[in-house]
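Comments concern the structure below.
The values are calculated or read from the model by the stated rules, or taken from the named source; none is laboratory data. Quantities reported herein were computed from a predicted structural model and do not represent experimental measurements. Glycine also receives a Cβ, built like all others from the backbone with ideal geometry; neighbour counts cover every protein chain displayed.
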Amino acid sequence: MHRKVKLLLASVALALGGFSGASALAEDFKVAFFASSAQNGFNQAVYEGVVAKAKEMGVETSIYDGQFDAALQYSQIEDVLAGNQFDGFVVVPNDTVGIAGAVEQVGAAGKPLVTALFPIGPDLARLEPQVPGVTATVASPPAEGAKVQAEDVVKFCEGKDPCNVVIIIGQKIYPFDNLRQEAYLSVLGAHPNIKVVASGEGNYDPDKSLTVMQDILQANKDIDVVLSNADQHLVGVEIALRNAGYDVSGLYLSGGGASSIAVEAIREGRWDATLAYFPVTMGKLALEAVVKKLKGEDVSVAVDMDKVGPLPALVTKAVLDQHPDFKGEWAQ
């Protein structure tokens with residue numbers, strides 16, 4: 001009923017650096033990777049890590065494109081499970097709650113499944129498995145990171161009254177984005193000098209974010225801060241601000257992802273911060289956990305990316321000055 005997009009290893013290798021699978025181990029494990037969207041740069045970087053670790057461990061892998069469609073991703077997992085061609089699963093979930101039924105089916109079949117980027121289950125703050133079928137979680141608690149971002153905005157706004165803030169979130173229908181926005185508002189709302197003048201949805205797309213920010217600026221001419229959960233949003237936001245005559249170096253711009261574009265912008269003084277995500281590292285750890293489980297080895301059921309990444313959770317110019325060789329693990 002849904003179109004299933006399956007990129008076989010040979011074609012994916014061209015785009016993501018290559019993996020011949022020639023060194024496959026005797027087990028000849030095959031792992032399916034379910035992207036929330038295979039066209040999304042972050043998901044591509046996670047899969048890059050999956051492919052790199054798969055090559056190292058002698059494992060074959062294929063990617064499925066969830067197209068930011070929760071129902072499609074659910075059916076893809078069911079179809080792949082029914083086909084019985086894969087030994088393990090790595091998922092970047094579109095719907096962290098709704099996907100539970102498909103995950104339970106995977107668990108009932110005795111196949112390991114690792115969730116990356118977000119926990120699967122009702123509690124996004126809990127990395128330990130909440131749903132039968134989840135072998136391990138490789139993620140960062142979204143609310144905790146959002147609070148760190150907002151607290152840095154509070155520091156910037158000290159002595160400025162009012163300090164006018166625009167929030168650009170991904171999509172409020174997503175539980176994780178709704179949780180991030182609530183965390184932003186909780187921290188900022190405790191400071192009467194800070195005014196959240198507008199909020200928009202960027203849908204993890206620079207063009208969409210450009211349009212949203214243009215509309216916001218029509219009604220709000222005085223902006224001090226743009227707080228966002230995604231670097232993709234700030235790419236469009238920055239264009240809109242420049243077109244409106246703003247000197248972005250005088251504003252506070254905070255994104256999410258620690259992409260190479262964000263790292264460059266922060267080094268140049270155009271942006272101020274990005275909440276660190278390390279998708280290639282995340283993909284490597286997720287694939288490794290699946291293979292370890294298949295081999296009967298011990299697996300850490302909760303991997304907090306805020307603690308195992310190469311940089312602190314909030315990346316600022318001061319942090320980058322201490323890590324001059326860091327370039328970011330994905331483009332945007």
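For the reader, a short list of remarks on this structure follows.
- Inspection of the range 26-38 finds a residue satisfying the criterion of being modelled with pLDDT under 85 and of a type in the set (Asp, Glu).
- Test: Glu264 is among the acidic types (Asp, Glu) and buried (at least 16 other Cβ atoms within 10 Å of the Cβ): no
- Restricting the range 78-95 to residues that are farther than 18 Å from Val51 by Cβ and buried (at least 19 other Cβ atoms within 10 Å of the Cβ) leaves a set whose member that is farthest from the chain's Cα centre (by Cα) is Leu81.
- Residue tally, condition crowded, with 24+ Cβ neighbours inside 10 Å and among the polar types (S, T, N, Q), over the range 269-317: 1
- Selection of the range 291-319 for residues being of a type in the set (Ser, Thr, Tyr) and in contact with a Leu (Cβ under 7 Å, 6 or more places away or on another chain) yields an empty set.
- Listed by first and then second residue, the pairs linking a residue in the range 142-161 that is part of a loop (DSSP other than H, G, I, E, B) to a residue that is crowded, with 17+ Cβ neighbours inside 10 Å and not aliphatic (A, V, I, L, M), with Cβ atoms under 7 Å apart and 6 or more places separating them unless they lie on different chains, are Lys160/Asp224.
- Leading residue by the ranking (nearest to Lys292 (Cα to Cα)) among those in the range 132-153 that are surrounded by fewer than 21 Cβ atoms within 10 Å (Cβ to Cβ) and of a type in the set (A, V, I, L, M, F, W, C): Ala143
- Qualifying residue in the range 299-315 (condition: among the aliphatic types (A, V, I, L, M), in the same structural domain as Lys30 (by TED's automatic domain parsing) and assigned to a helix (DSSP H, G or I)): no
- Of the residues making up the range 76-112, those that are touching a helix residue (DSSP H, G or I) at 6+ places or on another chain (Cβ under 8 Å) and part of a helix (DSSP H, G or I) number 8.
- Elements of type strands (runs of 3 or more DSSP E) in the range 203-290, at least 3 residues being in contact with a Leu (Cβ under 7 Å, 6 or more places away or on another chain) and not hydrophobic (A, V, I, L, M, F, W, C): 252-257
- Total residues in the range 250-301, condition basic (Lys, Arg) and closer than 29 Å to Ala150 by Cβ: 2
Yes/no per residue for (1) among the basic types (Lys, Arg); (2) at pLDDT 95 or above; (3) over 18 Å from Val291 (Cα atoms); (4) not assigned by TED's automatic domain parsing to the domain that holds Asp177:
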position: Gly41; (1), (2), (3), (4): no, no, yes, yes
position: Tyr47; (1), (2), (3), (4): no, yes, no, yes
position: Gly58; (1), (2), (3), (4): no, yes, no, yes
position: Ser62; (1), (2), (3), (4): no, yes, no, yes
position: Tyr74; (1), (2), (3), (4): no, yes, yes, yes
position: Glu78; (1), (2), (3), (4): no, yes, yes, yes
position: Val103; (1), (2), (3), (4): no, yes, no, yes
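- Unique match (being crowded, with 17+ Cβ neighbours inside 10 Å and under 23 Å from Leu314 (Cβ atoms)) among Leu188, Leu217: Leu188
- Within the range 100-114, considering residues that are free of Cβ contacts under 8 Å to residues at least 40 places away in the same chain and crowded, with 21+ Cβ neighbours inside 10 Å, the one farthest from Ala190 (Cα to Cα): Lys111
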